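Enquirer: My structure is below; once you've seen it, I'll send some questions.
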Amino acid sequence: MTHINVLIVDDEPDIRELLEITVGRMNLTSNAVSNLSEAFECLNQCDYDLCLTDMNLPDGNGIDLVAHIQRTRPQTPVTVITAYGSMDTAIHALKTGAFDFLSKPVNLSLLREMIGNALRLNEPSSPNRTSKTQLIGDSKVIHHLKQKIKKLARSQAPIYISGESGTGKEVVARMIHDQGPRSDYPFVPVNCGAIPAELMENEFFGHTKGSFTGAVNDKPGLFQAANGGTLLLDEVADLPLQMQVKLLRAIQEKSIRPVGSHQEIPIDVRILSATHKDIGRQVEEGNFRQDLFYRINVIELFISPLRDRGDDISLLAQHFLQRQSQSCGVPEVKLSEEAKHYLAGYDFPGNVRELENILERAFTLCDDDIIKVDDLSLRSSHFITSHSHKNQSQKVDNLESYLEGLEKQVITQALKSTQWNKTAAAKKLGITFRALRYRLKKLNLHGPEDETVN
């Protein structure tokens, strides 16, 4: 690590010296300057692996330095040092592209942790830095989301993940953690709506021995369990207001106080939060603190519903069925062409989670390792009436006639693709020749040698 260079920018000699000593004890090389002009000159002459800058400088603002490095050296992480309690300034820095922030007086333990995290960003990729969780899909929506995850993993900014239930918010949070510098440390998800209000403080911050009847030992809380890693506050909108106040302080001060303790414990965690609720409306209605929302929503990441990425349904279905078959040790179960078509016409109000549940049930019900339409048990009120308008979910007025129309379309396509060879078409549809003949008669479908197909 002797070749790693750190640029230190601060106009206070005592702070510069403290930072230089800390960096030196980590066997890193540092260059300390007192203003923006000197910092720009250093950046023109040398490449740096990390920059530590004060926010208020004699000839400008640390934000200007963050923006400059983002434009010219985006791979170089920048940490800003702010005055005590200047959270608005810190959030502005994070939005501009700062890697992280520290408040004065600088906690040396947190400083060393932060430097270690920043330097791990540009280490060569290793198996530990590849996500153990994957987003399945090949749509433009998914490609864009994967790119954003990769970019956000390089920051320590709090991220608010929004989207409908079942879209995969925890999966995305896990990928941000796995691809970032904290991947070797814990990822701790907590469902805020599942903890009784009277136990929340104890669960989040832990308690000391003797703090209440039954507290026979010290117990670490969720923040301590996630120390060094990532804490996901899932369904954060369900937090009661009293707990929101305490959570806000813990996030701002990067420290917690266990129940029964008189001492603050420094905590180094990255905060991710998620909810399917409209948290902006919750703020307007007074159910969620605006200052907490402002603090956790430094960057918002929206996950599109499955109906907006219909091209991924087939890939997701294949993935879930392969996993289910491997889990049960049986030959791979597949979807019939007709079943694939029906899935493509469904709007999935429960999103990816609903698709997985549908296929798990169909996997159990199907015969001959082929899932047919009847095995899917799709809810009739959630079909999309036109494949050219997949983003507009509409209820079907007459389900029977609608399904009949779909069936005609699928069978006609199969017949046309096989030059009206009924045996080949039946095989393509995953049904018997007898079943195809029955459906042709029922739907009044005729080949070109007889009359035009209806």
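Enquirer: Looking at C51, C42, which one is within 29 Å of F293 (Cα to Cα) and open to solvent by less than 30 Å² (accessible area, probe 1.4 Å)?
Expert: Values: C42 fails: within 29 Å of F293 (Cα to Cα).
Being within 29 Å of F293 (Cα to Cα) and open to solvent by less than 30 Å² (accessible area, probe 1.4 Å) holds for just one of C51, C42, which is C51.
Enquirer: Still on this model: Give the residues of the range 250-283 that are hydrophobic (A, V, I, L, M, F, W, C), open to solvent by 20 Å² or more (accessible area, probe 1.4 Å) and farther than 22 Å from G193 by Cα, sorted by residue number.
Expert: Step one: filter the range 250-283 for residues hydrophobic (A, V, I, L, M, F, W, C), giving 250-251, 256, 259, 265, 267, 269, 271-272, 274, 279, 283.
Those still in the list that are open to solvent by 20 Å² or more (accessible area, probe 1.4 Å) too: 259, 265, 269, 283.
Hit for the range 250-283 is I265, nothing else.
Enquirer: Let me ask you something else. Collect the residues in the range 210-224 that are in contact (Cβ under 8 Å) with a residue 40 or more places away in the chain and hydrophobic (A, V, I, L, M, F, W, C), keeping them in residue-number order. Spell out the reasoning first.
Expert: Taking the range 210-224 first, the residues in contact (Cβ under 8 Å) with a residue 40 or more places away in the chain are 210-212, 215, 218, 223-224.
Within the range 210-224, F212, A215, F223 meet the criteria.
Enquirer: Another question, then. Go through the range 103-118 and give me each residue that's among the aliphatic types (A, V, I, L, M) and buried (at least 19 other Cβ atoms within 10 Å of the Cβ). Steps first, please.
Expert: Initially, the range 103-118 is screened for residues among the aliphatic types (A, V, I, L, M), giving 106, 108, 110-111, 114-115, 118.
The answer is L111, M114, I115, A118.
Enquirer: OK, next. Does any residue in the range 96-120 that is over 17 Å from I15 (Cβ atoms) come within less than 6 Å, Cβ to Cβ, of a residue that is buried (at least 21 other Cβ atoms within 10 Å of the Cβ) and of a type in the set (D, E) six or more places away or on a different chain, and which pairs are these?
Expert: Matching pairs, first to second residue: E113/D268.
Enquirer: Moving on to the next point. One residue is enough: does the range 346-360 have a residue meeting the conditions loosely packed, with under 14 Cβ neighbours inside 10 Å and not in a helix (DSSP H, G or I)?
Expert: No.
Enquirer: Please work out which residue is least open to solvent (accessible area, probe 1.4 Å), limiting yourself to the range 332-345 and to residues that are under 16 Å from I411 (Cα atoms) and among the acidic types (D, E).
Expert: Top of the filtered list is E338.
Enquirer: What pairs come up if the first residue lies in the range 192-209 and is at pLDDT below 90, the second is among the β-branched types (V, I, T) and open to solvent by 30 Å² or more (accessible area, probe 1.4 Å), and their beta carbons are under 9 Å apart, counting only those six or more places apart or on different chains?
Expert: H207/V259; T208/V259; K209/V216
Enquirer: Please go through the range 1-19 and pick out each residue that is surrounded by 17 or more Cβ atoms within 10 Å (Cβ to Cβ) and part of a helix (DSSP H, G or I).
Expert: I15, R16, L18, L19
Enquirer: For E332, work out the one condition from (1) in a helix (DSSP H, G or I); (2) of a type outside the set (K, R); (3) in contact (Cβ under 8 Å) with a residue 12 or more places away in the chain it doesn't fulfil.
Expert: Going through the list (1) in a helix (DSSP H, G or I); (2) of a type outside the set (K, R); (3) in contact (Cβ under 8 Å) with a residue 12 or more places away in the chain, E332 breaks only (1).
Enquirer: Condition first: closer than 30 Å to M175 by Cβ and in a loop (DSSP other than H, G, I, E, B). Now tell me which residues in the range 255-271 satisfy that. Working first, answer last.
Expert: To start, the set of residues in the range 255-271 that are closer than 30 Å to M175 by Cβ comprises 255-256, 265-271.
Within the range 255-271, I267, D268, V269 meet the criteria.
Enquirer: Separate question: For the range 164-177, name all the residues that are of a type outside the set (S, T, Y) and either open to solvent by 10 Å² or more (accessible area, probe 1.4 Å) or modelled with pLDDT of 95 or more (or both). Lay out the reasoning, then the answer.
Expert: Our first condition is that a residue be of a type outside the set (S, T, Y); within the range 164-177, this holds for 164, 166, 168-177.
Selection gives E164, G168, K169, E170, V171, V172, A173, R174, M175, I176, H177.
Enquirer: Next question. Look at K148 and say whether it is open to solvent by less than 60 Å² (accessible area, probe 1.4 Å) and either touching a residue at least 24 places away in the same chain (Cβ under 8 Å) or over 16 Å from the mean Cα position of the chain (by Cα) (or both).
Expert: Details: open to solvent by less than 60 Å² (accessible area, probe 1.4 Å): no; either touching a residue at least 24 places away in the same chain (Cβ under 8 Å) or over 16 Å from the mean Cα position of the chain (by Cα) (or both): yes.
Answer is no for this residue.
Enquirer: Would you check if T82 is buried (at least 18 other Cβ atoms within 10 Å of the Cβ), of a type in the set (S, T, N, Q) and at pLDDT 95 or above? Can you show your working first?
Expert: On the way: buried (at least 18 other Cβ atoms within 10 Å of the Cβ): yes; of a type in the set (S, T, N, Q): yes; at pLDDT 95 or above: no.
No: the conditions fail for T82.
Enquirer: In the range 389-403, is there at least one residue being more than 18 Å from L343 (Cβ to Cβ), assigned to a helix (DSSP H, G or I) and at pLDDT below 80?
Expert: yes
Enquirer: Considering every residue within the range 54-61, establish whether at least one is among the small types (G, A, S), assigned to a helix (DSSP H, G or I) and over 34 Å from the mean Cα position of the chain (by Cα).
Expert: Taking the range 54-61 as the starting set, the residues that turn out to be among the small types (G, A, S) are 60.
Imposing the further condition that a residue be assigned to a helix (DSSP H, G or I) reduces the set to none.
No.
Enquirer: Same structure, new question: Look through the range 260-306, keep the residues that are more than 17 Å from the chain's Cα centre (by Cα) and of a type in the set (K, R), and return whichever of them is nearest to D88 (Cα to Cα).
Expert: R295
Enquirer: What number of residues within the range 422-454 satisfy the criterion of being open to solvent by 70 Å² or more (accessible area, probe 1.4 Å), modelled with pLDDT of 80 or more and not in a helix (DSSP H, G or I)?
Expert: Of the residues in that region, 1 qualify.
Here is a yes/no grid of residues against (1) in contact (Cβ under 8 Å) with a residue 40 or more places away in the chain; (2) surrounded by fewer than 17 Cβ atoms within 10 Å (Cβ to Cβ); (3) not in a helix (DSSP H, G or I):
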| residue | (1), (2), (3) |
| --- | --- |
| G286 | no, yes, yes |
| L292 | yes, no, no |
| L301 | yes, no, yes |
| S304 | yes, no, yes |
| R309 | yes, no, no |
| I313 | yes, no, no |
| Q318 | no, yes, no |
| Q322 | no, yes, no |
| S325 | no, yes, no |
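Enquirer: Quick one: L28 ticks every box in (1) open to solvent by less than 30 Å² (accessible area, probe 1.4 Å); (2) over 23 Å from E113 (Cα atoms) bar one, so which box is it?
Expert: (2)
Enquirer: Follow-up. Please enumerate the residues belonging to the range 22-45 that are more than 36 Å from the chain's Cα centre (by Cα), over 11 Å from I8 (Cβ atoms) and assigned to a loop (DSSP other than H, G, I, E, B).
Expert: If the condition is that a residue be more than 36 Å from the chain's Cα centre (by Cα), over 11 Å from I8 (Cβ atoms) and assigned to a loop (DSSP other than H, G, I, E, B), then N35 is the only one that fits.
Enquirer: From the list Q409, Q419, Q413, which one is farther than 27 Å from D347 by Cα, modelled with pLDDT of 65 or more and surrounded by fewer than 16 Cβ atoms within 10 Å (Cβ to Cβ)? So that I can check it myself, show each step before the final result.
Expert: Details: Q409 fails: farther than 27 Å from D347 by Cα; Q413 fails: farther than 27 Å from D347 by Cα.
Step by step, each of Q409, Q419, Q413 is checked, and only Q419 is farther than 27 Å from D347 by Cα, modelled with pLDDT of 65 or more and surrounded by fewer than 16 Cβ atoms within 10 Å (Cβ to Cβ).
The values are calculated or read from the model by the stated rules, or taken from the named source; none is laboratory data. Model, not experiment: these values are computed from the prediction. Quick reminder, even Gly has a Cβ in these numbers, built from the backbone with ideal geometry, and neighbours come from all protein chains shown. The area values use the complete protein model at the heavy-atom level, side chains included, leaving out ligands, DNA and RNA. Shrake-Rupley method; radii C 1.70, N 1.55, O 1.52, S 1.80 Å.
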